[in-house]
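Here is the structure we will look at, set down as structure tokens.
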Amino acid sequence: MKIGLFDSGIGGISVLKKLTYLNGAHYIYIADTNRAPYGIKTPDMLENFVFQFMKFFEYKNVDEVFAACNTTDSIIIERRIRFDVKYHSIVKAGISASKSLNVGVIGTNVTIKNETYKKQLEKLNKNVYQKSTQLFVSLVEEGIFYGRMVEAIANFYLNSFRKTNIEELILGCTHFPFLKGIISRVLNNVKIIDPAEELSKEIEIDKSRKPFVEFYVTGDIKDFERKLKRINFRVPHVVHKLKIDNLKVVSSEKTNIINWNVRSG
Ligand code: DGL
């Protein structure tokens, strides 16, 4: 089975990791680092990106697509975009994961402005407090996961939730689970929900083969490889350069083909 995922960068790897534990599929992951971050783009631009990637997935014979980006997923939901291939929504998974009455949501500027989580949760009669925490995306892409600066930014963004009675906080951006430690320290009595947990229940469990990932990166490959090392990504993989204007793979530099048995030993 071939599974497609795309994100602006490494955020979606928080989804990819969960899927690779459960299914030894062949994964195609597009990291659109050249056009990141997505949270400050217009909905029309984002819709265009989505169609480019879906076309690429079609060319790669992908069987199913798992959303690895809430921002584009919120556009897909708001604009009621449908695909020929089976598409698994992370926003919908995040909503199903919510079990409390008072819910906080953090996401990118676009996701929060769209109010996709808010509207759907309110339909379930929940009280929703949402906030954009866009800078978290840049911190994660820079590999800054802890320290005084992250603490200051986390406090700046999350302090206002302390005045609410939220019982849960949905991490409505796939970059945010990388900052889960600091987020749960700032909001220490709040249950932190990573929608990828719920989303991963949608994949068929098949451990008969080892997973393999083909990364397609629109920006600098070396930079992306450094990021993979920083987050200790150990699933066997290869990194390709993807030139987005004509959706052609312009070079296929084979790097980091990791022997699963040795590394996972
Ligand atoms: N990781 C993405 C999300 O889940 C996009 C973040 C960004 O590029 O702004 O929304």
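The values are calculated or read from the model by the stated rules, or taken from the named source; none is laboratory data. Computed from a predicted structure; not experimentally measured. As a convention, Cβ positions derive from the backbone with ideal geometry for all residues, glycine included, and neighbour counts pool all protein chains shown. Quick note on the areas: whole protein, heavy atoms, side chains included, nothing else; ligands and nucleic acids left out. Shrake-Rupley method; radii C 1.70, N 1.55, O 1.52, S 1.80 Å.
Taking the range 129-147, which residues are open to solvent by 20 Å² or more (accessible area, probe 1.4 Å) and at negative phi?
Answer for the range 129-147, where residues must be open to solvent by 20 Å² or more (accessible area, probe 1.4 Å) and at negative phi: Tyr129, Gln130, Lys131, Ser132, Gln134, Leu135, Ser138, Glu141, Glu142, Ile144, Phe145, Tyr146.
Go over the candidates Asn23, Asn61 one by one and state the one that is away from the ligand (no atom under 15 Å from the Cβ) and on the phi > 0 side of the Ramachandran plot. Quick ask: steps written out before the conclusion?
Details: Asn23 fails: on the phi > 0 side of the Ramachandran plot.
Answer to the check: Asn61.
List the pairs whose first member sits in the range 37-62 and is touching a residue at least 40 places away in the same chain (Cβ under 8 Å), whose second member is open to solvent by 50 Å² or more (accessible area, probe 1.4 Å) and assigned to a helix (DSSP H, G or I), and whose Cβ atoms are under 6 Å apart, counting only residues at least 6 apart or on separate chains?
Gly39/Asn109; Ile40/Asn109
Is it the case, given these coordinates, that Tyr87 is within 14 Å of the ligand (Cβ to nearest atom), at pLDDT 95 or above and either buried (at least 24 other Cβ atoms within 10 Å of the Cβ) or hydroxyl-bearing (Ser, Thr, Tyr) (or both)? Reasoning before the result, please.
Working: within 14 Å of the ligand (Cβ to nearest atom): no; at pLDDT 95 or above: yes; either buried (at least 24 other Cβ atoms within 10 Å of the Cβ) or hydroxyl-bearing (Ser, Thr, Tyr) (or both): yes.
Judged against the criteria, Tyr87 is not a match.
In the range 121-157, which residues are assigned to a helix (DSSP H, G or I) and touching a residue at least 40 places away in the same chain (Cβ under 8 Å)? I'd like the intermediate steps shown before the answer.
To start, the set of residues in the range 121-157 that are assigned to a helix (DSSP H, G or I) comprises 121-123, 135-141, 148-157.
Once the filter is applied, which keeps residues that are assigned to a helix (DSSP H, G or I) and touching a residue at least 40 places away in the same chain (Cβ under 8 Å), the range 121-157 yields Phe136, Val137, Ser138, Leu139, Val140, Glu141, Tyr157.
Does Val15 satisfy being within 11 Å of the ligand (Cβ to nearest atom) and either open to solvent by less than 10 Å² (accessible area, probe 1.4 Å) or in contact with a His (Cβ under 6 Å, 6 or more places away or on another chain) (or both)?
Details: within 11 Å of the ligand (Cβ to nearest atom): yes; either open to solvent by less than 10 Å² (accessible area, probe 1.4 Å) or in contact with a His (Cβ under 6 Å, 6 or more places away or on another chain) (or both): yes.
Criteria met by Val15.
Considering the range 163-180 alone, what residues qualify as being more than 16 Å from the ligand (Cβ to nearest atom) and either surrounded by 14 or more Cβ atoms within 10 Å (Cβ to Cβ) or under 20 Å from Asn70 (Cα atoms) (or both)? Please lay out each step first, then the result.
Kept after step one, since they are more than 16 Å from the ligand (Cβ to nearest atom), are these residues of the range 163-180: 163-168.
If the condition is that a residue be more than 16 Å from the ligand (Cβ to nearest atom) and either surrounded by 14 or more Cβ atoms within 10 Å (Cβ to Cβ) or under 20 Å from Asn70 (Cα atoms) (or both), then Thr164, Ile166, Glu167, Glu168 are the ones that fit.
Are there any pairs, at least 6 apart or on different chains, whose C-beta atoms fall under 8 Å, with the first in the range 169-187 and closer than 17 Å to Tyr129 by Cα and part of a loop (DSSP other than H, G, I, E, B) and the second among the hydroxyl-bearing types (Ser, Thr, Tyr) and within 16 Å of the ligand (Cβ to nearest atom), and if so, which?
Hits for this filter: Cys173/Thr71; Cys173/Thr108; Cys173/Thr111; Cys173/Thr133.
Determine whether the range 191-212 contains at least one residue that is surrounded by 14 or more Cβ atoms within 10 Å (Cβ to Cβ), touching a Pro at 6+ places or on another chain (Cβ under 6 Å) and outside any loop (DSSP other than H, G, I, E, B).
The answer is yes, given that some residue of the range 191-212 is surrounded by 14 or more Cβ atoms within 10 Å (Cβ to Cβ), touching a Pro at 6+ places or on another chain (Cβ under 6 Å) and outside any loop (DSSP other than H, G, I, E, B).
Does Asp63 satisfy being over 28 Å from Lys118 (Cβ atoms) and at pLDDT 95 or above?
Yes, satisfied.
Checking Val190 against (1) under 22 Å from Lys18 (Cα atoms); (2) touching a strand residue (DSSP E or B) at 6+ places or on another chain (Cβ under 7 Å), which test does it fail?
Result: Val190 passes all but (1).
Would you mind telling me which numbered condition in (1) open to solvent by 10 Å² or more (accessible area, probe 1.4 Å); (2) more than 12 Å from the ligand (Cβ to nearest atom); (3) of a type outside the set (Phe, Trp, Tyr) Ile28 fails?
Of everything listed in (1) open to solvent by 10 Å² or more (accessible area, probe 1.4 Å); (2) more than 12 Å from the ligand (Cβ to nearest atom); (3) of a type outside the set (Phe, Trp, Tyr), Ile28 misses just condition (1).
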